[in-house]
Amino acid sequence: MSDKKKSNRSFKDSRVYVVFFALTVALVFSVLITSAATMLKPLHQQNRILDKKTNLLEAANLLPENEKMTPEKIQAIYDTHIREVHADPRGQILRSATGDSLQLYLIHTDQQVQGYIVPISTRGLWGKIHGYLAFEADGETVAGFSVYSHSETPGLGGEIESQWFQDNFKGKKILNAHNQLVSVSIAKGRTENLPESLQDHYVDGISGATLTGRYLSEGLEETLMQYEPVSIIFRQKKGTQTQLETLLDE
Amino acid sequence: MQNDLSHYKEILVKGIWRENPVAYQVLGICSALAVTVKMSTALVMSIALTLVAGFSGLIISSLRHLIPSNIRIIVELTVIASLVIITDQILQAYLYDISKQLSIFVGLIITNCIILGRAEAFALANNPADSFVDGIANGLGYSMILVAVAFLRELLGSGQFFGFSVIPQFVYDMGFQDMGIMVLAPGAFFVIGLLVWLKNSLPGISHEKK
């Protein structure tokens, strides 16, 4: 009996058995994980698309507050108010993408263009930050900002997805007094400490997340420079209501 | 049968109360600080951890005669990590908002000492049924503390319970303010510390007077 036990133990610790056992365990569990991931993939994609739409609406301030949103409601608001379009390098709005066109979204109510949303995709501290920056139809006032995916440190850089930080952006201007593009940047600390002339172009920073703020500022500036032709088109129309269809047909 | 039941009851009481993983063994504090700002995240985290603890105990205990001792920890981690990834996938599919809020903390269940601790200390030496009950019991013990901390932090920090405001307006009118510190990590430290003290000073059931 004890002999048998002993041989059993040595077999259990033999190199062949260890390798065999490790391979079997690895195989079984990879099959399990792969099947779970594959089966749930359609749901994941659905969630991600819905989340993007929710964030687009949030940037455009179209989400009613204090109301429970169902996927159907979000889809309905999205369909009535948001139109995905493209813009060529001269800033002309196009219905469909061409080789070097930029993607953007128009906000419209009853066919009147209310503003536009620019997708933001920039480097963060640990990974990419993806979000949206919405503008009013004057082409210089920020209407809202939202983040739908990031990998910043929770509690520090992760605060970029919190409500107070995103509300900061509302009403900020991307043009200075001389109508030059200055973008919006994340301040170090609070904007109250900045000279008055800069307060319109800065939002309150997050303490402990200086680098996240710096990368996000750089990313915003880069994106806004890219989309400047579009903004110029909007600025030229200043004050006049634009029909969605005329903008698309121009 | 009676004997069996009282045996399981014994394991449950030990895991949930007498040797509570957070309050007695002081394990899993990191996630207890991170996910207890709100009841909803704490509850989902608790359920996820309890299920992972139970099933990892069950699986590791079933394999305990087959696992070569020199790759023991690697195998345990493989089992735990796989269960956590599957849990994360399920959360992303059905509770997307909450899974976004929990962010990396679901993934960090893998490194939660409670799970590996129970696998090493209990599952390797006991039969699968006992190990499953033990895992669930420790998960529930962890959940109990987590939910209690989250309840206090959400109530005092944001005046809410499951996202609904519960503190009536006249209390605010009288000068009450939400306690900002409760939303931050130090608030969790204080609450956990107070709970540990409370648990260990209750007469008769303290672990010091076993």
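The values are calculated or read from the model by the stated rules, or taken from the named source; none is laboratory data. On a predicted model such as this, the values are computed, not experimentally measured, just so you know. Cβ placement follows ideal geometry from the backbone for every residue including glycine, while neighbour counts extend to all protein chains displayed. We work out accessible area using only protein heavy atoms, side chains counted, and drop any ligands, DNA or RNA first. Shrake-Rupley method; radii C 1.70, N 1.55, O 1.52, S 1.80 Å.
For region B:69-188, the helices (runs of 4 or more DSSP H) that sit wholly inside it and include 2 or more residues that are under 25 Å from B:L58 (Cα atoms) are B:72-94, B:104-107, B:113-118, B:128-158. Out of curiosity, is A:L198 more than 17 Å from A:F165 (Cα to Cα) and crowded, with 19+ Cβ neighbours inside 10 Å? In short, no.
Quick check: anything in region A:131-150 part of a loop (DSSP other than H, G, I, E, B), in contact (Cβ under 8 Å) with a residue 24 or more places away in the chain, open to solvent by 10 Å² or more (accessible area, probe 1.4 Å) and within 30 Å of B:V35 (Cβ to Cβ)? Yes, region A:131-150 contains a residue that is part of a loop (DSSP other than H, G, I, E, B), in contact (Cβ under 8 Å) with a residue 24 or more places away in the chain, open to solvent by 10 Å² or more (accessible area, probe 1.4 Å) and within 30 Å of B:V35 (Cβ to Cβ).
The set of residues in region A:13-27 that are at the interface with chain B (Cβ under 9 Å from one of its Cβ atoms) and of a type in the set (A, V, I, L, M, F, W, C) comprises A:V18, A:F21, A:A22, A:V25, A:A26.
Checking the stated criteria, B:L156 turns out not to satisfy the condition of being more than 16 Å from the chain's Cα centre (by Cα), modelled with pLDDT of 90 or more and either more than 30 Å from A:E159 (Cβ to Cβ) or open to solvent by less than 60 Å² (accessible area, probe 1.4 Å) (or both).
Kindly evaluate B:A119 against the criterion of being more than 10 Å from chain A (Cβ to nearest Cβ) and more than 17 Å from B:S31 (Cα to Cα). Yes; evaluated as a whole, the condition is true for this residue.
Anything in region B:10-46 that is open to solvent by less than 20 Å² (accessible area, probe 1.4 Å) and not in a helix (DSSP H, G or I)? List them, or say none. B:N20, B:P21, B:V22, B:A23, B:G28, B:V35, B:T36 - these are the residues of region B:10-46 that are open to solvent by less than 20 Å² (accessible area, probe 1.4 Å) and not in a helix (DSSP H, G or I).
Within the option set A:H108, A:H81, being farther than 19 Å from A:I233 by Cα, away from every other protein chain (no Cβ under 14 Å) and touching a residue at least 24 places away in the same chain (Cβ under 8 Å) holds for one residue only, A:H81.
Checked against (1) surrounded by 13 or more Cβ atoms within 10 Å (Cβ to Cβ); (2) modelled with pLDDT under 85, A:V230 meets all criteria but (2).
Filtering region B:94-111 to residues that are in contact with a Leu (Cβ under 9 Å, 6 or more places away or on another chain) and aromatic (F, W, Y) leaves B:Y94, B:Y96.
Has region A:152-168 got any residue that is more than 30 Å from B:C30 (Cα to Cα) and either in a strand (DSSP E or B) or in contact with a helix residue (DSSP H, G or I) (Cβ under 9 Å, 6 or more places away or on another chain) (or both)? Yes, some residue in region A:152-168 is more than 30 Å from B:C30 (Cα to Cα) and either in a strand (DSSP E or B) or in contact with a helix residue (DSSP H, G or I) (Cβ under 9 Å, 6 or more places away or on another chain) (or both). Just so you know, in region A:40-73 the residues that are among the charged types (D, E, K, R) and not in a helix (DSSP H, G or I) include one that is least open to solvent (accessible area, probe 1.4 Å), and it is A:E67. Residues that are open to solvent by 10 Å² or more (accessible area, probe 1.4 Å) and either under 19 Å from A:H44 (Cβ atoms) or at pLDDT below 90 (or both) are absent from region B:49-57 altogether. Only one of the listed residues (B:L102, B:L146) is touching a Ser or Thr at 6+ places or on another chain (Cβ under 8 Å) and modelled with pLDDT under 85. That residue is B:L102.
One residue stands out in region B:74-98 among those that are open to solvent by 40 Å² or more (accessible area, probe 1.4 Å), among the hydrophobic types (A, V, I, L, M, F, W, C) and without any contact (Cβ under 8 Å) to a residue 40 or more places away in the chain: the one that is farthest from the other protein chains (Cβ to nearest Cβ), namely B:L77.
Looking across A:A76, A:A37, one residue alone is surrounded by 12 or more Cβ atoms within 10 Å (Cβ to Cβ), at pLDDT 85 or above and part of a helix (DSSP H, G or I). It is A:A37. In the set (1) open to solvent by 20 Å² or more (accessible area, probe 1.4 Å); (2) within 19 Å of the chain's Cα centre (by Cα); (3) within 30 Å of A:D110 (Cβ to Cβ), A:P154 fails one condition alone, (3). Only one of the numbered conditions (1) over 14 Å from B:V44 (Cα atoms); (2) under 17 Å from the mean Cα position of the chain (by Cα) is violated by B:N127, and that is (2).
Does region B:55-70 contain at least one residue that is farther than 19 Å from A:F29 by Cβ, in contact with an Asp or Glu (Cβ under 6 Å, 6 or more places away or on another chain) and not charged (D, E, K, R)? No, region B:55-70 contains no residue that is farther than 19 Å from A:F29 by Cβ, in contact with an Asp or Glu (Cβ under 6 Å, 6 or more places away or on another chain) and not charged (D, E, K, R). Among the numbered conditions (1) surrounded by 15 or more Cβ atoms within 10 Å (Cβ to Cβ); (2) within 30 Å of B:D4 (Cα to Cα), the only one that B:A121 does not meet is (1). Put simply, of B:F190, B:F164 the only residue that is without any contact (Cβ under 8 Å) to a residue 12 or more places away in the chain and over 22 Å from the mean Cα position of the chain (by Cα) is B:F164.
If the condition is being open to solvent by less than 50 Å² (accessible area, probe 1.4 Å) and of a type outside the set (S, T, N, Q), then region B:99-115 contributes B:L102, B:F105, B:V106, B:G107, B:I109, B:I110, B:I114, B:I115. Consider region B:58-68 and keep the residues that are outside any helix (DSSP H, G or I) and among the aliphatic types (A, V, I, L, M). The one that is most open to solvent (accessible area, probe 1.4 Å) is B:L66.
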